[in-house]
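Single-structure report; data block below.
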Amino acid sequence: MRNLIQMHIGLFQYLSKEIPKKKTLKELIGFLKNIGKQYLKVNLQMYKNLFLMFDKDFKQQKKKYEKEQQMKKDLQRALKMLQYIDKKLAKDGWNRQRRRQFWRDFFKDGQIRTEVFNALENEIK
């Protein structure tokens, strides 16, 4: 409801500024025609969203979608972090074989993971 009121206030302010700038009747009609089209599109989308809010299936699908998107973001962050660690090891002069051994130990030993993540947190701060 608040968005609808804000939209109309903004529309009124925009119209009060733009209508005096139109010099010919043809410009004014074209301007109002375009504003009318956009107004209808926005209103239809708002009503569509309103009706979807009351649909149980939509709510479940939306929660599932948001959960999947959050998982995707978390995985992307984790991948970037692991790539950063690998690049840092290479930059520090570790050869490929030594990095491979590090990653094997990293996945097997929780203490090593904790130490690496604590070191990363300290580096961030």
**Message:** Please go through region 111-125 and give me each residue that is touching a helix residue (DSSP H, G or I) at 6+ places or on another chain (Cβ under 8 Å) and either among the basic types (Lys, Arg) or not assigned by TED's automatic domain parsing to the domain that holds LEU79 (or both), ordered by number.
**Reply:** ARG113
**Prompt:** Is there any pair linking a residue in region 97-125 that is without any contact (Cβ under 8 Å) to a residue 24 or more places away in the chain to one that is β-branched (Val, Ile, Thr) and loosely packed, with under 10 Cβ neighbours inside 10 Å, with Cβ under 9 Å and at least six apart or on different chains, and which?
**Reply:** none
**Message:** Which numbered condition in (1) basic (Lys, Arg); (2) surrounded by 10 or more Cβ atoms within 10 Å (Cβ to Cβ); (3) more than 30 Å from GLU123 (Cα to Cα) is the only one that LYS26 fails?
**Reply:** (2)
**Asked** Does LYS17 fit the bill of being in the same structural domain as ASN3 (by TED's automatic domain parsing), closer than 25 Å to ILE5 by Cβ, more than 20 Å from the chain's Cα centre (by Cα) and not hydrophobic (A, V, I, L, M, F, W, C)?
**Response** yes
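The values are calculated or read from the model by the stated rules, or taken from the named source; none is laboratory data. These numbers come from a predicted model, not from an experiment. Virtual Cβ from ideal backbone geometry, glycine too; neighbours counted across all protein chains shown.
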